[in-house]
Structures are given as structure tokens and as C-alpha cells.
Amino acid sequence: MSKENLVGARQAKNDEFYTQFVDIEKEMNAYLEYDEKVFRDKVVLLPCDDPEWSNFTRYFAQNFERLGLKRLISTSYAPNSKPQSAFLNPTLFELEDPQYDEVKSAANGKIFILDRDVNGDHKIDVDDLQWKYLDGDGDFRSDEITALRDEADVIVTNPPFSLFRPFLAWIVEAGKQFAIIGNMNAVTYKEVFPLIKENKLWLGVTRTGVGFMYFEVPVNTPTKQGQKIENAKLLQTIGNSAWFTNIEHGRRHQPLALMTEAENVKFSKHKQIKVNGYQKYDNYDAIEVPAVDAIPSDFPGIMGVPITFLGKYNPDQFEILGMCENSDLYGLKTRIYTSAECKNAYLNKFGKPGTYDLNASGVIVANEIFEKVYQRILIRHRKVTK
Ligand SMILES: C[S@@+](CC[C@H](N)C(=O)[O-])C[C@H]1O[C@@H](n2cnc3c(N)ncnc32)[C@H](O)[C@@H]1O
């Protein structure tokens with residue numbers, strides 16, 4: 001196998017992560033707490049799903065009446081299009097159904113629909129789900145699934161990790177409401193950050209630092225850190241997973257409680273602030289704030305804050321102006337270093353030849369040494385409080 005194929009296969013394998021019921025419920029509850037009618041009369045689409053065992057399908061089917069859904073549509077990807085995994089065999093549910101077709105079972109995706117009481121028990125629930133084979137393999141980019149997307153109001157899923165960017169673009173171009181799981185690192189993608197800045201996308205409530213999500217993985221997954229076995233299922237945590245959504249939840253409207261600049265310098269638990277105060281960048285008209293709890297409440301200018309800020313971001317309290325990055329996409333740089341300056345900075349800092357990529361982030365100069373800080377988001381208070 002060529003190197004590229006090997007990497008491709010590894011990535012594809014990493015896409016087989018299955019979300020637990022509790023993590024879906026926790027996230028949807030946060031939206032419902034903010035607006036109990038959030039799903040009322042809505043068509044909910046769950047693409048990239050595995051409806052026969054998926055907790056997404058189970059959650060929405062089970063709660064169909066309580067949420068007041070109009071229609072639930074859930075689609076799966078054909079086993080032949082998936083990488084080798086422990087989940088490829090047809091389920092008993094499919095095998096025992098009169099429409100079971102051996103060829104289609106492997107080559108086609110499936111669609112499950114719930115919109116009415118089929119079995120006449122006067123309630124609409126999991127038992128009323130109807131299914132058939134899709135014409136194609138269920139690839140979200142196909143015309144068949146794109147037509148379902150266009151019919152939907154809300155899209156919820158854990159898309160394949162390796163296709164997160166195209167999947168998000170596919171939803172955003174259709175202007176749908178969504179809640180999808182991805183890696184927290186995606187906030188810095190050039191396709192994602194502008195959406196966050198424009199308040200068209202934000203983090204959900206379950207994410208790194210708030211509660212890790214564990215995903216069910218195929219039993220033949222090699223042993224790795226962050227695994228545990230529960231109820232005979234192999235679970236794996238990916239420390240950085242988070243929900244990305246444009247559905248409102250209360251958490252993001254809670255203001256961050258902050259101290260003033262003077263109070264921080266006096267009482268901060270961060271040594272850097274107590275010793276040096278807030279340092280100004282050499283290449284942005286902004287100050288360096290090394291931790292979210294050190295954001296001064298009364299600073300009127302631009303502040304560079306860690307990415308974890310996004311988990312606490314309240315758009316009524318702060319404005320996001322951009323991010324420190326190489327190409328100055330947000331027009332906030334006040335200085336661009338030449339390659340000679342980057343080489344000089346390396347020599348001065350490390351005492352040997354090399355290049356220090358100063359343009360990649362905010363830079364602080366102390367004792368003539370140029371120090372690049374970690375990745376920063378540039379923010380400003382909407383209103384300072386003294
Ligand atoms: C991370 S898993 C999540 C599955 C499920 N939504 C859950 O969390 O329980 C992603 C799913 O998308 C499927 N998939 C991979 N590539 C796909 C594509 N191009 N179109 C649709 N589904 C795809 C994978 O086979 C897998 O079932």
C-alpha cells in the first residue's frame with residue numbers, strides 16, 4: 001500500500017466513532033432549555049448515521065412527540081463504501097425484513113423515516129420507523145442526500161472526522177440549523193473561524209474541559225490511551241471533541257465574571273500577570289492575555305486570548321475581531337517580519353541558526369528576545385466595566 005493510501009485508510013478508520021445517547025441528550029437538552037419549541041414542526045435529518053443502532057436515531061425517534069417533530073429522516077452509508085470495521089455485517093433487523101437484499105445491503109445506504117403512527121398504537125415512536133434502501137451509497141455529497149438536506153430544517157450528526165470541513169460547508173451552503181460533533185481544533189480552520197466571528201456558528205455545551213465525550217469504537221480498534229470498556233462496549237475518548245452548532249443555548253449568554261486590570265495585577269493566580277502585567281504585542285495593537293480568567297474587565301482595546309475562550313464566549317459581552325495567523329486575514333497586524341528578522345530572532349533566542357516563524361502569532365519582546373505566544377483569538381469588550 002502506498003503511503004498516501006495508508007494514511008487515507010487510517011483516517012477512514014478513525015471515522016468509525018459512535019456517539020453515546022447521554023452525550024446527544026445532554027446537548028439537545030441545552031437547546032431545549034433555552035427554547036422548548038426548538039424542534040417543533042421541524043424536519044430533522046440525521047445524515048452519516050447508522051439508524052439501526054445509532055443513538056441519534058434512537059434519541060429523536062424516542063422523543064418524536066415530546067419534541068413535536070414533523071418528520072425524522074436518518075440515512076446511513078453503504079458498508080462497501082466504509083473501511084473495514086466490526087459493524088459491517090447486516091443486523092438481524094435487516095436480515096429478517098422481507099425487503100432484505102444481499103447486494104443492496106452491501107452496496108447501498110439506507111433511509112429511515114418517522115412521521116406518523118404506522119403500527120396503530122396511537123403514538124409515534126421508534127416502532128413506527130420505516131426504512132428502505134437508498135438508490136445510492138448514502139454519501140452526504142450525493143444528489144440523493146443533498147435533496148434530503150434541502151428538505152430538512154435541522155441537521156444533527158457526528159460526521160466522519162476526516163470530512164468535517166466539506167460536511168460543514170455542505171450544511172452552511174444550504175443555510176440550515178445544525179448541531180454536529182467535531183474536533184475542537186476545527187475552530188481555527190479558515191472555513192470555520194470566520195463563521196464563529198460572524199456569529200453564525202458557536203460551540204455547544206459538551207466539549208473539552210466541560211466533560212469528555214466517549215465514543216463507541218469497533219472492538220478490533222488497536223489499544224490506545226483514553227479507552228474503557230463499559231457494558232461490553234469499547235469506548236474511546238477524543239480529548240478535543242466538541243459540538244459545533246448554530247442553535248441557541250443559554251450557556252453562551254452567561255457573562256464571564258472578570259476582575260479589572262489593576263485587580264488582576266494585584267490578585268491574579270497567573271504569575272506572568274503579577275510579575276509583568278499585561279504585555280503589548282510587537283505585531284498587533286493588542287495586549288497578551290494568557291488565560292481566559294485573566295481577561296481584564298476594563299481594558300477598552302484589543303486582547304489576544306487563548307482558543308479555550310470560545311467555550312466561554314458570550315457574544316453580548318465580547319466582539320471577536322480575528323485571530324493571530326500568518327496571512328493577516330483579518331487586517332489586524334501592525335508589523336510583518338522579514339525572513340531576515342525571523343532568522344535573527346531564532347539565533348537570538350536559541351543561540352543557533354534557524355527560522356522563528358514570528359508571523360504565525362502574537363509576538364512579545366522582552367530584553368531584545370522575540371517570543372511568539374500560543375495561538376490567540378483577538379477580542380474586545382462590547383462595553384468595559386470598571
Ligand atoms: C463518526 S461516525 C458517526 C456515526 C453516527 N452518526 C454516530 O455517531 O453514532 C461517521 C459515520 O459516517 C459514515 N461516513 C463516512 N463517510 C461518509 C460519507 N462520505 N457520506 C456519508 N457517511 C459517511 C461512517 O461510515 C460512519 O458511519
Hey, residue 137 acidic (Asp, Glu), part of a loop (DSSP other than H, G, I, E, B) and within 15 Å of the ligand (Cβ to nearest atom) or not: yes
Exactly one of (1) at pLDDT 95 or above; (2) in contact with a strand residue (DSSP E or B) (Cβ under 9 Å, 6 or more places away or on another chain); (3) closer than 30 Å to residue 323 by Cα is unmet by residue 134. Its number? (3)
Within the range 129-188, can you find the residues that are among the small types (Gly, Ala, Ser) and farther than 26 Å from residue 102 by Cβ? 147, 152, 162, 169, 174, 175, 179, 182, 186
Enumerate the strands (runs of 3 or more DSSP E) found wholly within the range 142-247, keeping only those where 1 or more residues are in contact (Cβ under 8 Å) with a residue 40 or more places away in the chain, surrounded by 13 or more Cβ atoms within 10 Å (Cβ to Cβ) and within 16 Å of the ligand (Cβ to nearest atom). 154-157, 177-183, 202-207, 214-216, 233-237, 241-245
Residues that are within 17 Å of residue 336 (Cα to Cα) and either free of Cβ contacts under 8 Å to residues at least 60 places away in the same chain or not assigned by TED's automatic domain parsing to the domain that holds residue 328 (or both), drawn from the range 346-367: 346, 355, 356, 357, 360, 361
Return the residue satisfying two criteria in turn: it lies in the range 294-313 and is part of a helix (DSSP H, G or I) and touching a strand residue (DSSP E or B) at 6+ places or on another chain (Cβ under 8 Å), and of such residues it is nearest to residue 259 (Cα to Cα). 309
In contact (Cβ under 8 Å) with a residue 60 or more places away in the chain, within 15 Å of the ligand (Cβ to nearest atom), surrounded by 14 or more Cβ atoms within 10 Å (Cβ to Cβ) and under 25 Å from the mean Cα position of the chain (by Cα): does that describe residue 42? no
Residue count, the range 131-141 (criterion: within 28 Å of residue 247 (Cα to Cα) and either without any contact (Cβ under 8 Å) to a residue 40 or more places away in the chain or surrounded by 20 or more Cβ atoms within 10 Å (Cβ to Cβ) (or both)): 3
Checked 27, 94 against criteria (within 14 Å of the ligand (Cβ to nearest atom) and either closer than 22 Å to residue 145 by Cα or touching a Ser or Thr at 6+ places or on another chain (Cβ under 7 Å) (or both)); the one match is 27
Taking the condition in the same structural domain as residue 57 (by TED's automatic domain parsing) and farther than 25 Å from residue 162 by Cα, does residue 140 pass? no
Within the range 339-365, work out how many residues are charged (D, E, K, R) and either closer than 23 Å to residue 323 by Cβ or in contact with a Pro (Cβ under 6 Å, 6 or more places away or on another chain) (or both). 2
For residue 120, indicate whether it is at pLDDT 95 or above and in contact with a strand residue (DSSP E or B) (Cβ under 9 Å, 6 or more places away or on another chain). no
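The values are calculated or read from the model by the stated rules, or taken from the named source; none is laboratory data. This is a predicted model, so every value here is computed, not measured. Cβ atoms come from the backbone with ideal geometry, glycine included; neighbour counts cover every protein chain shown.
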